[in-house]
1. List the number of the failed condition for residue 30; all other conditions in (1) under 29 Å from residue 152 (Cβ atoms); (2) crowded, with 16+ Cβ neighbours inside 10 Å; (3) within 14 Å of the chain's Cα centre (by Cα) hold.
2. For residue 121, state whether it is in a strand (DSSP E or B) and on the phi > 0 side of the Ramachandran plot.
3. With respect to residue 107, is the statement that it is without any contact (Cβ under 8 Å) to a residue 60 or more places away in the chain, surrounded by fewer than 17 Cβ atoms within 10 Å (Cβ to Cβ) and in a helix (DSSP H, G or I) true?
4. Just need a number here: residues in region 73-100 that are over 20 Å from the mean Cα position of the chain (by Cα) and either within 21 Å of residue 24 (Cβ to Cβ) or at pLDDT below 90 (or both).
5. Report, ordered by the first and then the second residue, all pairs with beta carbons closer than 8 Å, sequence separation of six or more or different chains, a first member in region 128-152 that is loosely packed, with under 10 Cβ neighbours inside 10 Å, and a second member that is outside any strand (DSSP E or B).
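The values are calculated or read from the model by the stated rules, or taken from the named source; none is laboratory data. The structure presented is a predicted model; accordingly, all values stated were derived computationally and were not measured. Cβ: placed from backbone, ideal geometry, glycine included. Neighbour counts: every protein chain shown.
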């Protein structure tokens, strides 16, 4: 089974597990580093606690063992996506509207490959930012990564 298919099936399983909780599925990643890793990123309004991760991990592990979905040896990690999480899904753009983000582009846009501004939203495939009172539209296909911007 392909990595994408495994991620899709695991996303469905995790969505069912957390359906009646206050948890939100942020992302699922099945990747080969030195070993295979199945990473599940969850979040909630009040922040993730270790008990949340443990509960999802235990529930998911049981379902995966039962389904015998993944044939490779892998490590399961359930965690928070972190403060500088990438924005990938449409709901990420809705949830973080108004937040400061940094957009890294494949090619320079107006001479810059890193653009920082307040996220207005994702509209018709364009990332809209407010930069010093000006609305800037960046085609999503030109972006390598969009992350929450952290200032120290």
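1. That leaves (1) as the condition not met.
2. yes
3. Considered against the rule, which asks whether it is without any contact (Cβ under 8 Å) to a residue 60 or more places away in the chain, surrounded by fewer than 17 Cβ atoms within 10 Å (Cβ to Cβ) and in a helix (DSSP H, G or I), residue 107 comes out as no.
4. 0
5. 141/125
To keep it simple, each residue is scored yes or no on (1) within 27 Å of residue 151 (Cβ to Cβ); (2) in the same structural domain as residue 118 (by TED's automatic domain parsing); (3) free of Cβ contacts under 8 Å to residues at least 60 places away in the same chain.
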{"residue": "56", "(1), (2), (3)": "no, no, yes"}
{"residue": "60", "(1), (2), (3)": "no, no, yes"}
{"residue": "71", "(1), (2), (3)": "no, no, no"}
{"residue": "74", "(1), (2), (3)": "no, no, yes"}
{"residue": "85", "(1), (2), (3)": "yes, no, no"}
